[in-house]
Amino acid sequence: MSDKISVNGNEYRLEDAVRLGLVEPKHTPDVGVVPSEAWTVPEIEVWADAHGIDLAGAKTKAEKLAVIADFEYAAPS
């Protein structure tokens, strides 16, 4: 589910490009915390609901986290 982007001829997963500072976050979450693998599925679902993120198509924890990552970051325009 992760998107890949090309920066200066190199391909990166979008999440990695953001962490490396190659891509700006789409927006900053209202809270300083974004769900991670350490969170339980119910915690992830509550957070996503509070932030207006639809997880209906995501069945596993990894899929839910990928949907959130896709929502949180955008490729440069």
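The values are calculated or read from the model by the stated rules, or taken from the named source; none is laboratory data. As the structure is a computational prediction, the values presented were derived from the model and not from experiment. In case anyone asks, the SASA skips ligands and DNA or RNA and just uses the protein heavy atoms, side chains included. Shrake-Rupley method; radii C 1.70, N 1.55, O 1.52, S 1.80 Å.
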Counting only residues 5 or more places away or on other chains, whose amide H sits under 5 Å from the amide H of Val7 once H atoms are built in the peptide plane? Tyr12
In whole Hz, what ³J(HN,Hα) sequence does region 62-69 give by Karplus (6.51, -1.76, 1.60; θ = phi - 60°), x for Gly and Pro? 4, 5, 4, 5, 5, 4, 5, 4
So how exposed is Asp54, as accessible area in Å² (1.4 Å probe, rounded to 10)? 120
